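Asks: Could you have a look at this structure, given as structure tokens, before my questions?
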Amino acid sequence: MVHFSKVTKQYGPRILYKNASFQINPGEKVGLVGPNGAGKTTVFRVLSGEEGIDAGSVSKPERMTMGYFSQNIEEMAGQTILQEVLSANTNFLKLQEKIKVLEQQLEQSAMKPMSDEEMAQLLEEYGEAQTEFEQIGGYGLESQAAEILTGLGFPPDEHHRLTESYSGGWKMRVALAKILLLNPSILLMDEPTNHLDMESILWLEEWLMKYQGALLMTSHDRDFMNRLVGKVIEVAHQTITVYGGNYDFYDRERQIRKEQLLASHRRQEEMLAKEQEFISRFAARASHAAQVQSRVKKIEKIERIEIPPEEAVIKFEWPEPPRGGDEVLKFENLGKQWVQDNGQTKLVFSNAKGLVKRLDRVAVVGINGAGKSTLLKIIAGHVKPTEGQLSIGSSIRMGYFSQNSLDVLDSKSTILDEVQKRIPMASLGSIRNLLGAFKFSGEDVEKRIDILSGGEKSRVVLACLLAQAPNLLVLDEPTNHLDIVSREILLEAIKSFPGTVMIVSHDRYFLREITTKVFELDRQNLNVIEGDWAYYLSKKS
């Protein structure tokens, strides 16, 4: 279906990949992985025709339709979100308007009669427009668009709200809905789960499972990748490697291949050392000149096994926090109402009762708008409850990560400065080790905050937070913008954290690995499930 054959792509002297090949077959679902900056987005842009290549060829069938969802969305204004989604099918709106005009002309003909010839022409034009509208699925398209919007988190009563009334994250969902409505032969999806809550991710997962076309996607959500893809294409170290399996298979196989490569490299180095020793030992002896020359030529012909540079991962050692009380948090009859712009009150939740004990890992879950972030803000002291009591245990030192935490960083500071001013008594070496654990090494620590990506800023904030020795972490979507490797670094840090955690996250793999208790906000009530993530899912089912 799509053939990427011996492709070389570079920007100036920087080579992304050379002689790279892969193919995507009809109906195949493929994951695209690799470190940031390796060239994953460039693969999408090459396949979609937005960029060319320096060598090789890219072939695809002429009649194939392609939909490309990227993180760069076009300006949206002047239409409802339903109209915006329907505009993805350009013929739909044109034909819908044409049929409307023709119907008005037919109604007017009852009051202002036409000649037989004019009426025949009008009826013929109307019939042709209706036939064409049927052929593109026009009569069912609006209901399909509404279904997709609802699945992505827009309730039906919002489908006629203007696009400009939504934030950038919600506009991303509208852009995603447009691509899904197209139902193309092949979908290219660059991080489709960004900005989605768990319910929308689960809906999208189901939609893509039923999707008949081919799919190539990147995602930071490990479970999402595992459930969908049957092949993984890795872009790394100036090459492209294909693995036949899901993400877990890729992760295991990559480690096996790495160990095999290291073993081959070690054997080759031992062999070369022996040859070099023979050459050095007998180079001055005329009796061994032929043998020495033969071995020199042999060494020159050997293709050296190269070990690709690995991203250094430094294990984070937690500073010892003070030991808090056994009851970390307790709330009784907690409730919150917001006063809306029109003066009316909106109930978020009420009568919430909960107890968080020392070393609990509490996942706070619920549908979008259920009040998860509001509950964490109340616990962190950023918002006051409308009713009820919240008590925090003795000797509790809280670290709070919110969805607005990135705003606390000074854009003119460097990464090193930001961490240093929060833990001024720490040595430079320990700060560098901390930043190394969050994938900032060498000269990276001197980067200014204003040039960092969203994921890099999140890692800086998390490093600052974890360095201050809290014994209670309150984390609201800490995995947003983090790639899979960064999420796993954070996951390992939290696993070894000698304190208590409350977390909102839509990453199921992350929650499954750490959760010991679940607080579920459901229909303005709080349900407490004493058990891990698997137990919670079994109760839900």
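Only the coordinates and a few stated rules stand behind these numbers; no lab work does. Keep in mind it's a predicted model, so treat the numbers as computed, not measured. Positions of Cβ are generated from backbone atoms using ideal geometry, with glycine treated the same way; all protein chains shown enter the neighbour counts.
Asks: Report, for the chain, the % of DSSP beta bridges that are antiparallel, rounded to 5.
Replies: Antiparallel: roughly 55 percent of the beta bridges in the chain.
Asks: How much of the DSSP beta bridge set in segment 327-540 is antiparallel, as a percent to the nearest 5?
Replies: Among the beta bridges of segment 327-540, antiparallel pairing accounts for roughly 55 percent.
Asks: Please tell me which of these pairs span more than 26 angstrom C-alpha to C-alpha: LYS330/LYS539; LYS384/LYS412; LYS377/LYS457; LYS18/LYS258; LYS40/LYS60; LYS274/LYS439?
Replies: In this structure, LYS384/LYS412; LYS274/LYS439 exceed 26 Å between Cα atoms.
Asks: Calculate one ³J(HN,Hα) per residue across segment 30-42 by plugging θ = phi - 60° into the Karplus curve 6.51 cos²θ - 1.76 cosθ + 1.60, and present them in order as whole Hz with x for glycine and proline.
Replies: 10, x, 10, 10, x, x, 4, x, 6, x, 5, 4, 5
Asks: For the chain, what is the charge dipole size about the Cα centre, in debye to the nearest 20, if Lys and Arg each add +1 at the Cβ and Asp and Glu each add -1 at the Cβ?
Replies: Computed charge dipole of the chain: roughly 2820 debye.
Asks: What's the center-to-center distance, using Cα atoms, between segment 113-136 and segment 465-541 in Å?
Replies: If you average the Cα positions of each part, the centres end up 60 Å apart.
Asks: What is the chain by shape, rounded, prolate or oblate, if you read a ≥ b ≥ c off the alpha carbon gyration tensor as root eigenvalues and call it rounded for a/c under 1.5, prolate for a/b larger than b/c, and oblate otherwise?
Replies: oblate
Asks: Would you please classify the overall shape of segment 425-471 from the alpha carbon gyration tensor, given that a ≥ b ≥ c denote the square roots of the eigenvalues, rounded means a/c under 1.5, and beyond that prolate means a/b larger than b/c while oblate covers the rest?
Replies: Oblate shape, in that a/c is at least 1.5 and b/c is the bigger or equal ratio.
Asks: Additional query: If you build the convex hull over the alpha carbons only and average its shadow over all orientations, what do you get for segment 373-519? Give it in nm² to one decimal.
Replies: 9.4 nm²
Asks: I've got another one for you. Convert each backbone phi in segment 147-161 into a coupling constant with the Karplus relation 6.51 cos²θ - 1.76 cosθ + 1.60 (shift: θ = phi - 60°), then list the ³J(HN,Hα) values in order as whole Hz, x for Gly and Pro.
Replies: The phi angles translate into 5, 5, 4, 4, x, 8, x, 9, x, x, 6, 9, 5, 10, 7 Hz.
Asks: Counting pairs of alpha carbon atoms under 8 Å apart in space and at least six apart in sequence, what relative contact order in percent does the chain give?
Replies: Answer for the chain is 14 percent.
Asks: Continuing with this model, one more query. Quick one: P(r) of segment 443-535 from all Cα-Cα pairs, 10 Å bins, percents rounded to integers, in order of increasing distance.
Replies: Calculated P(r), rounded to whole percents: 14, 44, 29, 10, 2.
Asks: Take the Cα radius of gyration of segment 118-212 and divide it by 2.2 N^0.38 Å, with N its residue count; two decimals is plenty.
Replies: For segment 118-212, the normalised Cα radius of gyration is 1.37.
Asks: Which of the three applies to segment 320-457, rounded, prolate or oblate, going by the alpha-carbon gyration tensor with a ≥ b ≥ c and a/c under 1.5 meaning rounded?
Replies: Here segment 320-457 falls in the oblate category.
Asks: List the aspartates and glutamates whose Cα sits under 13 Å from the Cα of LYS231, skipping any in the same chain fewer than 8 residues away.
Replies: GLU28, ASP248, ASP251, GLU253
Asks: Just to verify a number: FRET efficiency for ALA284 and SER413, C-beta to C-beta distance, R0 = 45 Å, to 0.05?
Replies: Approximately 0.15, to the nearest 0.05.
Asks: Given H placed on each backbone N at 1.01 Å, which residues far from PHE401 in sequence or on other chains put an amide H within less than 5 Å of it?
Replies: Distant-sequence amide H within range of PHE401: VAL474, LEU475, ASP476.
Asks: So, one more: Measure out, as a whole number of angstrom, how far apart the alpha-carbon centroids of segment 187-241 and segment 13-41 sit.
Replies: After rounding, the separation between the Cα centres reads 14 Å.
Asks: Next question, about the same structure. Of the GluC sites (Glu not before Pro) in segment 438-541, which ones lie in a loop per DSSP and count no more than 14 other C-beta atoms within 10 Å?
Replies: GLU530
Asks: What value, in deg cm²/dmol to 500, does the helix sum -39500 (n - 2.57) over DSSP H runs of n ≥ 4 give at 222 nm once divided by the residues of the chain?
Replies: Helix contribution divided over all residues of the chain: -13000 deg cm²/dmol.
Asks: Viscosity 0.692 mPa s, temperature 37 °C: what is the translational diffusion coefficient of segment 250-301 from Stokes-Einstein with a Kirkwood Rh over Cα pairs, rounded to a whole number of µm²/s?
Replies: The Stokes-Einstein estimate is 256 µm²/s.
Asks: Which whole-Hz couplings ³J(HN,Hα) result when phi for each residue of segment 492-507 is put into the Karplus expression 6.51 cos²θ - 1.76 cosθ + 1.60, θ = phi - 60°, listed in order with x for Gly and Pro?
Replies: 5, 5, 5, 4, 8, 5, x, x, 10, 10, 10, 9, 10, 7, 9, 8
Asks: What do you get for trypsin sites (Lys or Arg not before Pro) in segment 218-310 restricted to DSSP loop and a cutoff of at most 11 other Cβ within 10 Å of the site's Cβ?
Replies: ARG285, ARG304
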